[in-house]
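One structure is given here, and the rest of the page talks about it.
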Amino acid sequence: MIGTVALQAVPVAGGPLAYLGSFLVFAAVYSATAHIAARNVLGDVPLRRALVVGATIAVVVLLLQQYGAIAFAVALALDFVVIRYVYRLRLRTTGLVTLVHLVVSILLTIATLSLVRLLGSAPA
């Protein structure tokens, strides 16, 4: 059930408050995973830089949510560009930080969806 909800291509209609809430949640999650990735690869880095990365990716995800794979490709490419600009890295290091950011984001998403599914199957 969760898999089909996650694969919907048409966004659910919502008001400005719903989009703002979604943006804030996405930005927080992407910022946290970007900071984890940067700290893993680069060592001690300021959190402010991760906030820029997270907010940028959140905007792209919200604007292109109905396009699925295209949104993923654009978000990944923009993630690479923003990480390179914000952290002032070489191409190879930027690629490594971007890859770790992708992996951490996927693992966090899988863990969250698994927890939601587990809690949804619990007896009432």
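The values are calculated or read from the model by the stated rules, or taken from the named source; none is laboratory data. Nothing here was measured: the structure is a model prediction, and the numbers come from that model. When we count neighbours, we look across all protein chains shown, and the Cβ atoms used for this are built from the backbone with ideal geometry, even at glycine. For accessibility, only protein heavy atoms count, side chains too; no ligands or nucleic acids. Shrake-Rupley method; radii C 1.70, N 1.55, O 1.52, S 1.80 Å.
Quick look at the numbers
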quantity	calculated
Matching option when the condition is of a type in the set (Phe, Trp, Tyr) and in contact (Cβ under 8 Å) with a residue 24 or more places away in the chain, among 26, 72	26
Count - residues of region 44-72 that are part of a helix (DSSP H, G or I), open to solvent by less than 60 Å² (accessible area, probe 1.4 Å) and out of contact with any His (no Cβ under 6 Å at 6 or more places or on another chain)	10
Which numbered condition residue 66 fails, given (1) in contact (Cβ under 8 Å) with a residue 40 or more places away in the chain; (2) more than 19 Å from residue 96 (Cα to Cα); (3) in contact with a Ser or Thr (Cβ under 8 Å, 6 or more places away or on another chain)	(3)
Hey, residue 93 hydroxyl-bearing (Ser, Thr, Tyr) and without any contact (Cβ under 8 Å) to a residue 12 or more places away in the chain or not	no
Residues (more than 27 Å from residue 14 (Cβ to Cβ), free of Cβ contacts under 8 Å to residues at least 24 places away in the same chain and open to solvent by less than 80 Å² (accessible area, probe 1.4 Å)) located in region 78-88	80
